[in-house]
Amino acid sequence: MVDAAKSGEPACNAPSNGDRYGLREGEVAVELPAGFDASLYFIGRIRTPWQRREDCPKNGRESDAVCTVELDPRWAAGLKGLETASHVLLLYWMDKARRDLVVQAPRHYAELRGTFALRSPVRPNPIAVAVARLVRIEGTTLSVIGVDCLDNTPLLDIKPYFASTDSEPDAAVGWHAGRKR
């Protein structure tokens, strides 16, 4: 593991995955595995107004921007019946995020947190999920509100959102409730 606060190694500030942001004080990076365990298909792209990481909302609920999901035409039949849903779960691949941090120093929190305690796109497998309001479907293009990704982000999957199944009203994250800003 590499601790940015102790190592001072310049290689940590210029990771090989092309992330120009480097490490914040106290962040910890690990060496990534040599190979991948699985493969997947990108089924489309998400088009948003955000070109830079700094411009993206922290989460999809912070924006009312209408974004589009451009589904690869081969998957068009998979949309049958989705037009009746008010909301969809979108799973997408944050392809610009670094993948080697295990401890992070988020800009909007005062304390370091483990990657798996955060919703940050920086993770070993940068899979993001959003509950987005489905505005309309035209052909293989979905108009949605509630995503938080860069323009042209690869889409992994679309699922209907079921409030009866996908919502857990009593769920809590203790550190978030008592966080210091």
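For this structure, a couple of remarks:
- The range 25-61: trypsin sites (Lys or Arg not before Pro) in DSSP coil with no more than 12 other Cβ atoms inside 10 Å: 52
- Theoretical FRET efficiency, 1/(1+(r/R0)^6), r = Cβ-Cβ of residue 167 and residue 116, R0 25 Å, to 0.05: 0.70
- Available extension along the chain between residue 125 and residue 52 is 24.3 nm, counting 0.36 nm per residue and deducting the alpha carbon span.
- Taking amide hydrogens as placed 1.01 Å from N in the peptide plane, the amide H of residue 157 sits under 5 Å from those of 91, each at least 5 positions away in sequence or on another chain.
- Simple Cβ-charge dipole of the range 54-180, Lys/Arg +1 and Asp/Glu -1, about Cα centre, in debye nearest 20: 380 debye
- Cα gyration tensor, the range 80-181 - rounded (a/c under 1.5), prolate or oblate: oblate
- The chain - mean residue ellipticity at 222 nm from DSSP helices (-39,500 (n - 2.57) per run, n ≥ 4, rounded to 500): -1000 deg cm²/dmol
- Karplus 3J(HN,Hα) series, Hz, for the range 147-153 with 6.51 cos²θ - 1.76 cosθ + 1.60 (x for Gly, Pro): 9, 9, 10, 5, 4, 6, 6
- Given 10 as the ceiling on other Cβ atoms within 10 Å, longest exposed-site-free region of the chain for GluC sites (Glu not before Pro) in DSSP loops: 32-110
- When the charge dipole of the range 45-171 is built from unit charges on Cβ atoms (+1 for Lys and Arg, -1 for Asp and Glu) and taken about the Cα centre, the candidate among 73, 114, 88 whose Cα reaches farthest toward its positive end is 114.
Each value in this text was obtained by applying a stated rule to the coordinates, not by laboratory testing. Just so you know, these numbers come straight off a predicted model, no measurement behind them. Here Cβ is always computed from backbone atoms with ideal geometry, including for glycine, and neighbour counts include all displayed protein chains.
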